[in-house]
Amino acid sequence: MDQAGTLERLSSEELHRLALRRAVERRDVRFLWELLELLPAAEAAAGELDEAEADVLTLRARIDDLAVAGRPPVADALRPLYLEYLRRTGD
């Protein structure tokens with residue numbers, strides 16, 4: 001099975017862990033920043049409006065969210081980002 005098919009079978013939480021680990025290993029600040037930018041919208045889409053509002057208002061909350069962006073349903077909302085990043089950066 002190709003990488004795309006393998007990635008599709010992973011849970012959103014697994015995709016989050018893999019993408020975050022790869023970004024940290026590669027020191028890919030651009031991806032981490034993109035994730036931080038998308039987190040408030042993903043949290044809002046997941047019904048976590050208070051979290052989304054807090055993230056917009058404080059950088060610290062947004063940085064802390066990197067550690068928990070893999071939890072459902074936020075990870076599910078970010079799934080397309082993780083898939084695209086892992087495919088683009090696959091070895």
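Considering only residues of region 62-79 that are surrounded by fewer than 16 Cβ atoms within 10 Å (Cβ to Cβ) and without any contact (Cβ under 8 Å) to a residue 40 or more places away in the chain, which is nearest to LEU20 (Cα to Cα)? Let's see the steps before the verdict.
Here is the first cut: in region 62-79, the residues surrounded by fewer than 16 Cβ atoms within 10 Å (Cβ to Cβ) are 63-64, 67-68, 71-73.
Subsequent filtering for residues that are without any contact (Cβ under 8 Å) to a residue 40 or more places away in the chain retains 63-64, 67-68, 73.
On the way: ILE63: 13, ASP64: 13, ALA67: 9, VAL68: 11, PRO73: 17 Å.
Among those residues, the one meeting the criterion is ALA67.
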For this session: Could you tell me which residue of region 3-36 is surrounded by the most Cβ atoms within 10 Å (Cβ to Cβ), considering only residues that are in contact (Cβ under 8 Å) with a residue 60 or more places away in the chain and hydrophobic (A, V, I, L, M, F, W, C)?
Result: ALA19
For this session: Can you tell me which residue within region 37-61, out of those that are within 11 Å of the chain's Cα centre (by Cα) and surrounded by fewer than 19 Cβ atoms within 10 Å (Cβ to Cβ), is nearest to GLN3 (Cα to Cα)?
Result: LEU38
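Using the structure shown, decide if ARG60 is in a helix (DSSP H, G or I) and either modelled with pLDDT of 95 or more or touching an Asp or Glu at 6+ places or on another chain (Cβ under 6 Å) (or both). Break it down stepwise before answering.
Working: in a helix (DSSP H, G or I): yes; either modelled with pLDDT of 95 or more or touching an Asp or Glu at 6+ places or on another chain (Cβ under 6 Å) (or both): no.
No: the conditions fail for ARG60.
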Exercise. Among the residues of region 1-50, how many are assigned to a loop (DSSP other than H, G, I, E, B) and either small (Gly, Ala, Ser) or touching a Gly at 6+ places or on another chain (Cβ under 8 Å) (or both)?
Worked result: 3
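The values are calculated or read from the model by the stated rules, or taken from the named source; none is laboratory data. These figures come from a predicted structure and were not determined experimentally. Ideal geometry is used to build each Cβ from the backbone, glycine not excepted, and the neighbour counts take in all protein chains shown.
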